[in-house]
Every structure is written in C-alpha cells, then in structure tokens.
Amino acid sequence: MELVCKDHKLSLDRTVLMGVLNVTPDSFSDGGLWLDPEAAIPHALAMVSEGAGIVDVGGESTRPGAQPVSEEEELQRVLPVIEALATEINVPISVDTRKPAVAAAAIEAGASIVNDTSGEEFDPAMDELAARTAAALVIMHSRGTPATMKTLTDYDDVVRQVTSFLTTRADEATEAGVSTASIALDPGIGFAKTPEQSLRLLAGLDELAGTGWPVVVGTSRKSFIGATLGVPEDQRLEGTAASVAWAVAQGAHVVRVHDVEAMTRVVRMTEAIREAARRPVQ
Ligand code: HH2
C-alpha cells in the first residue's frame with residue numbers, strides 16, 4: 001500500500017513514523033520548544049535521521065482549552081519552517097491545521113500532506129484543496145473546537161461511530177475529487193474522547209484498519225496515558241511505547257510521535273514480531 005502525497009509516493013508497507021514539530025508556544029507537551037525556526041529546523045532534521053518518514057508541522061495547539069490562533073499568526077509560524085525544510089529533507093512534510101488557507105500556503109511552500117484535525121467541523125474547501133493540489137489528506141475525527149471538545153463526549157459506540165464518520169468523510173472527499181490513493185483516516189485519540197473512549201478506540205482499531213483505508217494514529221504523550229498511569233507529560237514515554245506497539249499490531253500504517261528515535265525502535269520491534277507470526281512454524 002502507498003499514500004500518494006503530490007510527487008511523493010509514500011510506501012506504507014512498513015509503518016511510517018510521523019514526527020511532530022509543534023511551532024507553538026502552548027502545545028501540551030512541548031509548547032515553546034520549537035517556536036524559533038532556528039530550533040525547529042535542526043529538530044526536524046534530527047527526527048528524520050532518527051527514522052521519521054513524515055514531518056508534521058503545526059502552528060496551532062489543539063489541546064483542550066487552547067487559545068485559537070489567527071490565520072496570519074499560524075502562517076507566520078509554519079511557513080518559514082516548511083520553506084526551509086522543503087529544501088533540506090526528502091520525506092513528505094505535512095501541515096497540521098484546521099484552516100484551508102493555511103493548508104494552501106503550506107502546500108505552496110512545499111508541504112505535500114494536509115493533516116486536517118477539524119473533525120466534524122471540517123470545511124469542504126479542504127477537500128477541494130487536496131483534490132486540486134494532489135496533496136494527501138489525513139481526515140481525523142473530532143467534535144467541536146479545542147474550547148468545547150471536552151464536553152462533546154457522548155457516544156453510543158465510539159468505535160462504530162468514529163469509524164463510520166471517517167469512512168463517510170473519505171467517500172465525500174473522493175466525490176470532491178481527492179484520489180483514493182491520497183486519503184488516510186485517523187480516529188483522533190483524545191479529541192472529544194474521554195480517556196476510557198481513547199482506550200476503547202485503540203482496542204477496536206482493527207475495525208478502522210479493516211476498512212482498507214490507511215490508518216494514522218496519534219497517541220504520543222496524550223492525557224489518556226496520564227490518566228491510566230498517573231504520570232505527567234514528561235513521563236509518558238513507556239505509555240506511548242505501549243500504545244504505539246498496540247496500534248502497529250492492530251494495523252496502523254502511520255504513527256504520529258514526538259519521541260522518534262525511541263518509537264522507531266518500538267515500531268520496528270513490533271513489526272519483527274508480526275512478521276515472525278506470518279512465517280511457517282519452526
Ligand atoms: N494529535 C494532536 C495534533 N494533531 N493530528 C493527527 N492526525 N492525529 C492526532 O492524534 C493529532 C494530530 C495533538 O498533539 P500535539 O500536536 O502534541 O499537541 P497540541 O495539539 O497541543 O499542539
């Protein structure tokens with residue numbers, strides 16, 4: 001399987017690590033660390049050398065309660081970084097945004113994946129943009145906005161509802177002209193989900209993987225790990241590792257992570273076990 005991201009044909013035969021580059025002052029686990037392009041660019045290069053197959057650049061925190069950022073501000077944060085990276089790395093760059101205008105400028109600057117975290121509040125212009133530019137489109141499930149998402153957690157069956165929302169959106173994107181080879185789906189762990197619902201979504205991830213669409217999963221350092229283990233953001237490496245290994249075993253194609261070196265090892269080890277399971281009995 002592959003994901004067509006403009007001129008990049010990204011193989012998904014092995015799990016791809018999407019390295020997180022938050023160019024924000026307030027992201028939940030690394031806010032402020034990479035706001036300066038002079039820090040962001042070397043960090044992105046390090047992630048690629050550690051095994052990242054995508055660099056995901058975001059200029060607006062989506063954590064519950066985060067302050068919205070204007071289009072101008074978001075552009076000022078992400079564009080210099082994307083422009084510089086586009087000349088320095090060979091892996092696709094994705095732009096993590098809810099705004100079609102930011103995605104459009106990012107593609108112009110060299111991004112080839114739109115990581116759209118707007119969920120149920122999506123703007124159809126995002127589909128049209130992906131269709132027009134041949135950028136890949138990551139469709140993520142969420143409800144409301146960072147200000148409201150914590151109150152929007154009523155589901156009858158979170159796995160069924162999220163899977164059905166995502167496959168319907170994939171069909172809509174296809175109808176809007178996005179190539180089926182350029183769409184990936186993401187359950188949006190922690191977005192309008194309680195910790196229990198995030199665990200259930202991971203437990204049922206095989207259902208989403210069974211739809212045949214490429215699956216992206218972002219569990220890195222998230223609060224459901226904090227709720228399970230009782231640890232703050234800077235002590236969630238092992239919890240992240242367990243969730244990444246589980247996601248790979250359930251069929252995730254892309255895992256979005258902050259700690260690329262450690263998670264590359266976790267992913268490759270999990271894949272080695274999965275492949276051994278397919279070999280004849282010895
Ligand atoms: N999670 C976050 C942001 N973007 N994109 C996708 N596709 N999937 C995710 O699970 C996902 C995402 C939140 O994490 P982070 O970027 O570390 O924090 P913040 O939103 O505070 O910047």
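Take E238 and tell me if it is under 23 Å from V55 (Cα atoms), surrounded by fewer than 19 Cβ atoms within 10 Å (Cβ to Cβ), in contact (Cβ under 8 Å) with a residue 40 or more places away in the chain and of a type in the set (D, E). Quick ask: steps written out before the conclusion?
On the way: under 23 Å from V55 (Cα atoms): yes; surrounded by fewer than 19 Cβ atoms within 10 Å (Cβ to Cβ): yes; in contact (Cβ under 8 Å) with a residue 40 or more places away in the chain: no; of a type in the set (D, E): yes.
Considered against the rule, which asks whether it is under 23 Å from V55 (Cα atoms), surrounded by fewer than 19 Cβ atoms within 10 Å (Cβ to Cβ), in contact (Cβ under 8 Å) with a residue 40 or more places away in the chain and of a type in the set (D, E), E238 comes out as no.
Examine the range 137-156 for a residue that is touching a Gly at 6+ places or on another chain (Cβ under 9 Å), in contact (Cβ under 8 Å) with a residue 40 or more places away in the chain, closer than 24 Å to L205 by Cβ and part of a helix (DSSP H, G or I), and state whether such a residue exists.
Scanning the range 137-156, I find at least one residue that is touching a Gly at 6+ places or on another chain (Cβ under 9 Å), in contact (Cβ under 8 Å) with a residue 40 or more places away in the chain, closer than 24 Å to L205 by Cβ and part of a helix (DSSP H, G or I), so the answer is yes.
Restricting the search to the range 56-90, which residues are within 16 Å of the ligand (Cβ to nearest atom), of a type in the set (V, I, T), closer than 22 Å to V254 by Cβ and in a loop (DSSP other than H, G, I, E, B)?
Scanning the range 56-90 gives a single hit, T62.
Collect the residues in the range 1-18 that are more than 11 Å from the ligand (Cβ to nearest atom) and part of a strand (DSSP E or B), keeping them in residue-number order.
Answer for the range 1-18, where residues must be more than 11 Å from the ligand (Cβ to nearest atom) and part of a strand (DSSP E or B): E2, L3, V4, C5, H8, K9, L10, S11, V16, L17.
Is there a residue being at pLDDT below 95, part of a loop (DSSP other than H, G, I, E, B) and within 11 Å of the ligand (Cβ to nearest atom) anywhere in the range 93-101? Walk me through how you get there before you give the answer.
Going through the range 93-101, the residues at pLDDT below 95 turn out to be none.
Checked the range 93-101: no residue is at pLDDT below 95, part of a loop (DSSP other than H, G, I, E, B) and within 11 Å of the ligand (Cβ to nearest atom).
Does the range 22-40 include one or more residues that are crowded, with 22+ Cβ neighbours inside 10 Å, assigned to a strand (DSSP E or B) and either touching a residue at least 12 places away in the same chain (Cβ under 8 Å) or not aliphatic (A, V, I, L, M) (or both)?
Checked the range 22-40: at least one residue is crowded, with 22+ Cβ neighbours inside 10 Å, assigned to a strand (DSSP E or B) and either touching a residue at least 12 places away in the same chain (Cβ under 8 Å) or not aliphatic (A, V, I, L, M) (or both).
Hey, among I93, I113, I82, which residue is crowded, with 24+ Cβ neighbours inside 10 Å, in contact (Cβ under 8 Å) with a residue 12 or more places away in the chain and out of contact with any Ser or Thr (no Cβ under 9 Å at 6 or more places or on another chain)?
I82
Please indicate, with yes or no, whether at least one residue in the range 111-120 is at pLDDT below 95 and not hydroxyl-bearing (S, T, Y).
Yes, some residue in the range 111-120 is at pLDDT below 95 and not hydroxyl-bearing (S, T, Y).
Is it true that L208 is surrounded by 19 or more Cβ atoms within 10 Å (Cβ to Cβ), closer than 25 Å to E2 by Cβ and touching a Ser or Thr at 6+ places or on another chain (Cβ under 7 Å)? Give the derivation first.
Details: surrounded by 19 or more Cβ atoms within 10 Å (Cβ to Cβ): yes; closer than 25 Å to E2 by Cβ: yes; touching a Ser or Thr at 6+ places or on another chain (Cβ under 7 Å): yes.
It is true that L208 is surrounded by 19 or more Cβ atoms within 10 Å (Cβ to Cβ), closer than 25 Å to E2 by Cβ and touching a Ser or Thr at 6+ places or on another chain (Cβ under 7 Å).
So if I check each of T219, T194, T211, which one is more than 11 Å from the ligand (Cβ to nearest atom) and closer than 22 Å to V114 by Cβ? Reasoning before the result, please.
Details: T219 fails: more than 11 Å from the ligand (Cβ to nearest atom); T194 fails: closer than 22 Å to V114 by Cβ.
Every option except T211 fails the conditions.
Would you mind finding the one in R221, R160, R200 that is among the basic types (K, R) and within 18 Å of the chain's Cα centre (by Cα)?
Going through R221, R160, R200 in turn, just one is among the basic types (K, R) and within 18 Å of the chain's Cα centre (by Cα): R221.
In the range 19-34, which residues are in contact with a Lys or Arg (Cβ under 6 Å, 6 or more places away or on another chain) and more than 8 Å from the ligand (Cβ to nearest atom)?
V23
If I ask for residues that are crowded, with 23+ Cβ neighbours inside 10 Å and either out of contact with any strand residue (DSSP E or B) (no Cβ under 9 Å at 6 or more places or on another chain) or assigned to a loop (DSSP other than H, G, I, E, B) (or both), which ones from the range 164-200 would you list?
V178, P187, G188, I189, G190, F191, A192, K193, S198 - these are the residues of the range 164-200 that are crowded, with 23+ Cβ neighbours inside 10 Å and either out of contact with any strand residue (DSSP E or B) (no Cβ under 9 Å at 6 or more places or on another chain) or assigned to a loop (DSSP other than H, G, I, E, B) (or both).
The values are calculated or read from the model by the stated rules, or taken from the named source; none is laboratory data. Please read all numbers here as calculations on a predicted model, not as lab measurements. FYI the Cβ positions are ideal-geometry reconstructions off the backbone, even for glycines, and counts take in every protein chain you see.
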